[in-house]
1. Of a type in the set (A, V, I, L, M, F, W, C), in a helix (DSSP H, G or I) and more than 18 Å from residue 354 (Cα to Cα): which single residue out of 130, 163 fits that description?
2. Mind checking which residues of region 236-285 are open to solvent by 30 Å² or more (accessible area, probe 1.4 Å), outside any helix (DSSP H, G or I) and modelled with pLDDT of 90 or more?
3. Which of the residues belonging to region 280-312 are touching a residue at least 12 places away in the same chain (Cβ under 8 Å) and among the small types (Gly, Ala, Ser)?
4. Across region 110-135, what is the total count of residues that are touching a residue at least 60 places away in the same chain (Cβ under 8 Å), open to solvent by 10 Å² or more (accessible area, probe 1.4 Å) and more than 23 Å from the chain's Cα centre (by Cα)?
5. Of the conditions (1) at pLDDT below 85; (2) surrounded by 22 or more Cβ atoms within 10 Å (Cβ to Cβ), residue 404 satisfies every one except a single condition; which number is it?
6. Among (1) in a helix (DSSP H, G or I); (2) within 27 Å of residue 137 (Cβ to Cβ), which single condition is residue 200 missing?
7. Please count how many residues of region 299-309 are open to solvent by less than 30 Å² (accessible area, probe 1.4 Å) and more than 19 Å from residue 157 (Cα to Cα).
Amino acid sequence: MRRDRGRHDPSAAGGGPGDGAAQEPAHDAVPAVDTRLIVREEGFKGYLGEFKRKMRSGELGSLPVVVAVIIIWTVFGTLDSAFLSAQNLSDLSQQIVGTGMIAIGIVFVLLLGEIDLSVGSVSGLCAAIFAVLNVLNGMNEWLALLVALAGGAAVGLIHGFFFAKVGVPAFVVTLAGNLAWNGLMLQVLGTSGTVNIPSESVVSELYSTIFHSPAAAYGTAAVGVALFLASSLLDARRRQRARVPFRPIAEIVIRTAVIAAIAFAAAAILNQYQGLPLALLIFLILLVVLDFVLRRTSYGRQIFAVGGNIEGARRAGISVPFVRMTVFSIAGTMAAVGGIFLAGQIQSASQTSGGGNLLMNVIAAAVIGGTSLFGGRGSVWSALLGALVIGSIQSGMNIMGVSNAVQFMITGSVLLAAVVVDSLSRRSQKAAGRA
């Protein structure tokens, strides 16, 4: 029945009436059948064949990073059982939040096929702005927080203006910004160089607050699964009404069951230690909201269009400068959010804020998570997956007492491997005519 629906196309039947084409389709109407309908009708055999086809054509999705997480956890768990303890995994879920927040902004920029080298300095600058305004000058902490976030958005907008309007390459603009905003951060901090943030400050509490009731973690898992199921059903219903291929109920149920198993297992692990960290909850909420923006709004589709084919986007009537400027503003805002959480983690803003290997880690997180360096392909969930990979490697090596030098080399190797996979995937897609 669904196959007939796929063939119900007057143009495919040589311009004949729709009903006639559905009853007696012409020979040239056969190619109009969507292969996804045939795959689902063939059951397990069809899905297995589709999986093999995607592997050959380089459409790997998040599979490589999921496999990487499983391998990393298996190796470190075998070497030291403390790695897979509820305490370590719970701590890991908090520690990846700051990096993951900044990586979300990098994902948006990478979707354009560009790069932002300033996010580390911007995160440190915004943390310094909050600390100086609130701690040293007595400004209301919520107002100081809003000013810091607005500062990140403004910095990103400046980068976007020079890139989109003036025509300066994003690499040059953000490299200059990396130096300039780091200097401004030092100027804002003044001679003291370090401003300690009280433990009762909103910034410290955003990071350290934990909901100890088991209902919090299990309730969050239940809400997440329900939202996924509702979204999948609504999408299937919408596509069915539009007479285009849609996921059958059985497939939606299976996918929801997998998501539920992962979500409730994570909730159980968190409850074995202390409970659900507020920082992780905020991170997940932002991921869901921004994923909706990218996949369900016209603005999100414009970002993918500009990153995939800028000339085609222009001809489609998309305002390329607007998209570019707003994307860099989003990156600046998320850098500010990440900087605030990192400041809350160490309860201070100092001259080293936003420095070290932070920039490398956030870019690596986005790329390792599956977002393409070539633009037009990726997801905000890449920030979570990539940050989890990097955080797991660092946590495991810290438990084993591995030096920072070795950690840097291993993290760099993982980043290179991710870029190689991305490049090979893109080459395979070109060969299959899908890039």
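1. 163
2. Of everything in region 236-285, just one residue is open to solvent by 30 Å² or more (accessible area, probe 1.4 Å), outside any helix (DSSP H, G or I) and modelled with pLDDT of 90 or more, namely 274.
3. Result: 305, 307, 308.
4. Count: 3.
5. Against the list (1) at pLDDT below 85; (2) surrounded by 22 or more Cβ atoms within 10 Å (Cβ to Cβ), residue 404 comes up short only on (2).
6. Among (1) in a helix (DSSP H, G or I); (2) within 27 Å of residue 137 (Cβ to Cβ), residue 200 violates only (1).
7. Adding up the residues that qualify gives 0.
A quick yes/no check of all residues on (1) surrounded by fewer than 22 Cβ atoms within 10 Å (Cβ to Cβ); (2) under 28 Å from residue 388 (Cα atoms):
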site: 297; (1), (2): yes, yes
site: 311; (1), (2): yes, no
site: 316; (1), (2): yes, no
site: 321; (1), (2): yes, no
site: 325; (1), (2): yes, no
site: 328; (1), (2): no, yes
site: 335; (1), (2): no, yes
site: 349; (1), (2): no, yes
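The values are calculated or read from the model by the stated rules, or taken from the named source; none is laboratory data. Remember, predicted model here, so these are calculated numbers, not experimental data. Please note: Cβ atoms are built from the backbone with ideal geometry, for glycine as well, and neighbour counts cover all protein chains shown. Note: accessible area is taken over every heavy atom of the protein model, side chains too, but ligands, DNA and RNA are not part of it. Shrake-Rupley method; radii C 1.70, N 1.55, O 1.52, S 1.80 Å.
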